[in-house]
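The values are calculated or read from the model by the stated rules, or taken from the named source; none is laboratory data. For clarity, every value in this text was computed on a predicted model and none was experimentally measured. Neighbour counts are summed over all protein chains in view; Cβ atoms, including those assigned to glycine, are modelled from backbone coordinates with ideal geometry.
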Amino acid sequence: MSFTPNYISQRDPRWVNEKLGFDSTVTIGTDGCTLTCLTMLVNGYGFSETPSTMNRKLKDMGSGVGFSRQPDCLARIDPGIPKDRLSRHHNLPRPARPDQ
């Protein structure tokens, strides 16, 4: 499966003011950078998602699901997403800064 990235913005007027997840104080426009980046990732593999559709799919999975709590949630959103290409990087050590 080839990867063809495309650019989308969290500040697109189609979803900029949409509430993000279950938090009534934030929107995709203010706090949806991770959601938007992951939307671009799955679209690079040939899917046709928007931050709005991804937000809705995550909300449909329940309030205990999110990118930080369950990084494999992308594969659960759509089984066609190549799970073998998604990995859990949050446990890896941070790279050293060049001046260290």
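The residue that is farthest from D60 (Cα to Cα), among those in region 1-42 that are under 15 Å from the mean Cα position of the chain (by Cα) and small (G, A, S), is S9. In region 19-32, the count of residues that are on the phi < 0 side of the Ramachandran plot and touching a Pro at 6+ places or on another chain (Cβ under 8 Å) is one or more. Within the option set T39, T30, being at pLDDT 90 or above and touching an Asp or Glu at 6+ places or on another chain (Cβ under 7 Å) holds for one residue only, T39.
Would you mention how many residues in region 13-53 are in a loop (DSSP other than H, G, I, E, B), without any contact (Cβ under 8 Å) to a residue 40 or more places away in the chain and out of contact with any strand residue (DSSP E or B) (no Cβ under 7 Å at 6 or more places or on another chain)? The qualifying residues number 10.
Would you be able to say whether some residue in region 53-61 is crowded, with 16+ Cβ neighbours inside 10 Å, within 22 Å of S2 (Cα to Cα) and modelled with pLDDT under 90? No - not one qualifying residue is present in region 53-61.
Among the residues making up region 1-32, those that are of a type in the set (A, V, I, L, M, F, W, C) and surrounded by 14 or more Cβ atoms within 10 Å (Cβ to Cβ) are I8, W15, V16, L20, I28.
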